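Read through the structure below, which is laid out as structure tokens, and then see the notes.
The values are calculated or read from the model by the stated rules, or taken from the named source; none is laboratory data. Everything numeric here is computed off the predicted structure, so don't read it as measured data. Note that each Cβ is placed from the backbone with ideal geometry, even for glycine, and that neighbours are counted across all protein chains shown. Remember, those area values only see protein heavy atoms, side chains included, never the ligands or the DNA or RNA. Shrake-Rupley method; radii C 1.70, N 1.55, O 1.52, S 1.80 Å.
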Amino acid sequence: MPAQIIETNKAPFNKVEVDPVTLDIMENALRNARIEMDATLVRTAMSPGIREQGDAFPLIADRAGKMVVGQFGSFIDGFLRSYPGTIEEGDMIFLSDPYSCDGAVSHNNDWLVLLPVYRGGRLVAWTAMFGHQSDIGGKVAGSIPIDSKSVFEEGVRIPPVKIYQKGVYNEEMVKVVLHQSRKPDWCAADLNALIASCRVAARRVDEMCGRFGEDEFASATDLLLARNHRAMKHLIETSIGEEPVSFSDYICDDGVGFGPYKISCKMWREGGKVILDFEGTDPQAPSSINFFLNENMFKMFFGIYMIMVFDPQILFNDGFYDLVDVRIPEGSLLKPKYPAALAGRTHALGRIFDILGGLLGQRQPEFLNGAGFSSSPHLMYSGFDKSGEWFQLFQIGFGGIPGRPFGDGPDGHSLWPGFTNVPNEFLEKYFPLRIERYEAKPDSGGAGLFRGGNGIHMTYRFLEPGTVAIHDDRWFTYPWGVNGGQPGDRATKILERADGSTEVVGNKQDGIEVREGDLLHFITWGGGGWGNPLERDPELVALEIRQGLVTVKGARDYGVVIAGDGSVDGPATESLRAEMAENAVETDGPFNFGPDIETLRANCLEETGLPAPVQPGTVAA
């Protein structure tokens, strides 16, 4: 049963003319309101994940729930189709359960606030914000257990409820929710920040309606959505062929011994509509790496990728959704059946962007990117300090962005453009640890005409005993290169004990006990290279050696020989490049994935220090 929208003013909105200048002003006012939502959030939240890193996503939608500005696409229309209650002025919706909103949020840690914006008794818009909560209870600190077998192990689940009903705050319900968390003070502050951000945007919408008129605002949002529709229709018709193309990539493992898990997608165009079919994707995992992919969210991912590659001036919004048909098999890794575990879905979420790049670039290789830092690796560190106070860190790591048609990939960057790193000074002040190293790992970016970005080597020295959890990927498969570029280096995690012993630890592992003085080397992966590395300027390679981004040994991947004084040895470089060109092995198509899966399995223990994952679906891991 769909939601019932209660309006005391039944007058319909009139479609009116909005001149281009006014439309431009309103568009930028909406963009600024979205930016103000972010600013309000980071100035109000307390958890490092939101306050320092910006792990939260706003949107402003029209009265029908279509996103006009934002990032992840709108889930409001889906919410309205399934919410059985009423929506009235003064209401605000609060939820976190992915299964209750068709994957609009994809694990319980993401708390979502929805605010209907009323003016004069009529619904004129929606504002929404969701952000990652650092702890919502469950079996492990941080609430992202690797080995959870169902969503019930992953902390408090909040169905769509009214946190405000006709303006009255549901304080008792909030108390119950916060009581589940190990960090209720953080959760309370972050929840208030989400609410404040939505209210700020609602105020700006109200001001726009007052300045330009309610009919003008409604007509402007229709025009912005229609403009996006026209632009995307043109991009789809000119950039996507009717002949199907397909692409597959992998999640390395599920943290309980199985892997890799394949994600496959086929793409083709029928008339003016693009079809994206995930048939062939592996069945859901027994652990928490499943990603409940909301179809509208994937449509927005597709649209953002198209826009950023082909026409960055287009405004992100939901206007083009009817041009995209997304098909995801039930029971697969991307549409698991309730109550499958979902907490560790970040790896599949990130890999979706590599899948899109591999699909969209096949017809136009000049626009093709390598595989990049398609994840948000997590580090959790928790325990009691010497004074008996509980501490708990949640941090997102950075890595190498892929080489691109127009230049090198940035070193040590986030998957999400808006994320920032937690300053080391912040970490050292508020948590019992010291950052001994934070630097790009040389040679970890794939060699190419345009180099893949390097991963990060971050070393933590723990000053108190505690428990560490690690969530990362790309330790088994390689981030692939394109158009002659080489794959980037893989991720690794090394624990160096205070007693001098060392051990390689898993990239998905809970419950790692650390003692005072232990070191964790948290090394992320690099981006794939773009283009033939033998075409890269040798002097640029020499400069990057001086900058610590490439080593003298790594320079040979570019066919560059460095003399003892650090300069390029011209004759030796020319000779080496000629030899490498003569012995080059042709790849099948534009992609260089590195060794095949069975070769990776055979060499896994020797190369990574970890046992190879077992093929999913087999009996034992």
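Things worth noting here:
Listed here are the residues, each with its yes/no results for (1) farther than 23 Å from residue 50 by Cβ; (2) open to solvent by 30 Å² or more (accessible area, probe 1.4 Å); (3) over 24 Å from the mean Cα position of the chain (by Cα).
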| residue | (1), (2), (3) |
| --- | --- |
| 158 | no, no, no |
| 170 | no, yes, yes |
| 177 | no, no, yes |
| 185 | no, yes, yes |
| 193 | no, no, no |
| 238 | yes, yes, yes |
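- The residue pairs whose first member lies in region 548-577 and is under 27 Å from residue 456 (Cα atoms) and surrounded by fewer than 18 Cβ atoms within 10 Å (Cβ to Cβ), whose second member is among the basic types (Lys, Arg) and modelled with pLDDT of 95 or more, and whose beta carbons are closer than 9 Å, counting only pairs six or more residues apart or on different chains, are 566/546.
- From 292, 373, 298, residue being open to solvent by less than 30 Å² (accessible area, probe 1.4 Å), under 27 Å from residue 59 (Cα atoms) and part of a helix (DSSP H, G or I): 298
- On inspection, residue 35 does not qualify as of a type in the set (Val, Ile, Thr) and either crowded, with 24+ Cβ neighbours inside 10 Å or farther than 29 Å from residue 429 by Cα (or both).
- One residue from 143, 197 being among the hydroxyl-bearing types (Ser, Thr, Tyr) and within 30 Å of residue 24 (Cα to Cα): 197
- Meets criteria (over 24 Å from residue 54 (Cβ atoms) and crowded, with 19+ Cβ neighbours inside 10 Å) for residue 407: no
- Residue list for region 22-54, filter: among the aliphatic types (A, V, I, L, M) and not in a loop (DSSP other than H, G, I, E, B): 23, 25, 26, 29, 30, 33, 35, 37, 39, 41, 42, 50
- Restricting region 66-78 to residues that are in contact with a strand residue (DSSP E or B) (Cβ under 7 Å, 6 or more places away or on another chain) and surrounded by 23 or more Cβ atoms within 10 Å (Cβ to Cβ), the residue that is farthest from residue 226 (Cα to Cα): 76
- Screening the candidates 489, 473 for the property of being surrounded by 23 or more Cβ atoms within 10 Å (Cβ to Cβ), closer than 24 Å to residue 287 by Cα and modelled with pLDDT of 95 or more yields one hit, 473.
- Region 492-521: number of residues that are closer than 22 Å to residue 441 by Cα, hydrophobic (A, V, I, L, M, F, W, C) and open to solvent by 10 Å² or more (accessible area, probe 1.4 Å): 3
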